[in-house]
Amino acid sequence: DMDGGPTHLHKILTNKLQITPEIFKGVERQWNDWSTLFRANILSTNEDLADAMEAVESSDRCVTQDSLPEHLRDVSWNLNSQLRAALVAYTRDKAQRIVFGVPDRKNGLECWRQLTNHYCKGGMSRS
């Protein structure tokens with residue numbers, strides 16, 4: 001089912017399972033805990049978006065719709081601007097500057113890729 005809409009992701013981020021991530025300010029040692037919680041929130045919202053986030057984490061190329069695995073393209077791209085909005089909402093300081101540094105203001109997956117590349121040095125959160 002294609003449920004979406006601007007408030008959908010935010011509603012789930014705040015309601016589902018009652019796990020709202022803390023605000024991430026860019027402190028390296030807090031990245032693993034914060035990103036795990038943030039990812040869990042997205043997973044409870046939309047598995048395709050969570051899979052797309054995982055798919056881009058270790059990439060060193062800018063995320064485009066065509067660069068995503070084909071089965072993830074439509075849904076995750078439709079939710080992409082909501083992902084960016086969530087990243088803006090749940091980051092501050094250095095981390096938020098990385099998000100704001102992505103020129104495409106609708107490309108949350110690219111923001112996520114840059115954050116994970118910065119804080120994981122190439123996605124070490126995945127084995």
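Read the figures in this text as sums done on the coordinates, not as results from a lab. Here the structure is a predicted model, which means the values were calculated and not measured. Backbone-built Cβ (ideal geometry, glycine too); neighbour counts: all protein chains shown.
For the reader, a short list of remarks on this structure follows.
- Dividing the convex hull volume of the alpha-carbon atoms in the stretch 55-127 by its residue count gives 85 Å³ per residue.
- Cross-link reach list, aspartates and glutamates versus residue 25, counting only Cα pairs under 19 Å and skipping chain neighbours closer than eight places: 33, 93, 110
- Whole-number D in µm² s⁻¹ for the stretch 21-65, Kirkwood Cα-pair radius fed into Stokes-Einstein, 20 °C, 1.002 mPa s: 184
- Summarising the amide proton neighbourhood of residue 24: residues at separation of 5 or more, or on other chains, whose placed amide H is nearer than 5 Å comprise 91, 92.
- Computed from the C-beta positions of residue 81 and residue 36 and an R0 of 22 Å, the FRET efficiency is 0.40 to the nearest 0.05.
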